[in-house]
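Here the structure comes first, spelled out in structure tokens, and everything after it is commentary.
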Amino acid sequence: MADKVYKLADRFSLFKGDFQEARFYLFNIEDGSMFRLNEVSYDMLSLFDGVTTVDAILSRLKSEYRADAQTIDRDFLTLIDSCLDKGILISGGE
């Protein structure tokens, strides 16, 4: 999976609100559904640009967050699997 490239499916859009309390959302623009995200999930999803590899994103996350590498690996790969299953992420070449 390290050399895979993903991006958000076209029907999804990320939103970061600039309110007193930071709020992060993932919108499905086709059906109007909305998912509230925590800041880390928002940051992770925002890095899927259809060009950057999973390994490069993972390296960046490890340099930015203070959690141990094993926890970051586990959480990141779980997020990818979940988003692929739900059609939120698609292959960068699609």
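Here are Ala67, Ala56: which of them is more than 13 Å from the chain's Cα centre (by Cα), surrounded by 11 or more Cβ atoms within 10 Å (Cβ to Cβ) and not in a helix (DSSP H, G or I)?
Ala67
Filter segment 72-93 down to the residues that are out of contact with any Phe, Trp or Tyr (no Cβ under 9 Å at 6 or more places or on another chain) and either without any contact (Cβ under 8 Å) to a residue 40 or more places away in the chain or of a type in the set (Phe, Trp, Tyr) (or both) and list them by number.
Within segment 72-93, Asp73, Arg74, Asp75, Phe76, Thr78, Leu79, Asp81, Ser82, Asp85, Lys86 qualify.
Consider Gly17 carefully, then state whether it is at positive phi and loosely packed, with under 11 Cβ neighbours inside 10 Å.
It is false that Gly17 is at positive phi and loosely packed, with under 11 Cβ neighbours inside 10 Å.
Only one residue in Gln20, Gln70 is modelled with pLDDT under 90 and of a type outside the set (Asp, Glu), so which one is that?
Criteria check complete, one pass: Gln20.
Kindly indicate which of Ala2, Ala22 is touching a Ser or Thr at 6+ places or on another chain (Cβ under 8 Å) and under 21 Å from Glu64 (Cα atoms).
Exactly one residue qualifies, and that residue is Ala2.
Applying the selection to segment 23-37, what residues are touching a strand residue (DSSP E or B) at 6+ places or on another chain (Cβ under 7 Å), of a type outside the set (A, V, I, L, M) and either modelled with pLDDT under 95 or farther than 13 Å from Cys83 by Cβ (or both)?
Listed by number, the residues that qualify are Arg23, Phe24, Tyr25, Phe27, Phe35, Arg36.
Just to verify a result, which residue in segment 70-94, among those that are within 17 Å of Ala2 (Cα to Cα) and small (Gly, Ala, Ser), is surrounded by the most Cβ atoms within 10 Å (Cβ to Cβ)?
Gly92
The values are calculated or read from the model by the stated rules, or taken from the named source; none is laboratory data. Quantities reported herein were computed from a predicted structural model and do not represent experimental measurements. All Cβ positions, glycine included, derive from the backbone under ideal geometry; neighbour counts span all protein chains shown.
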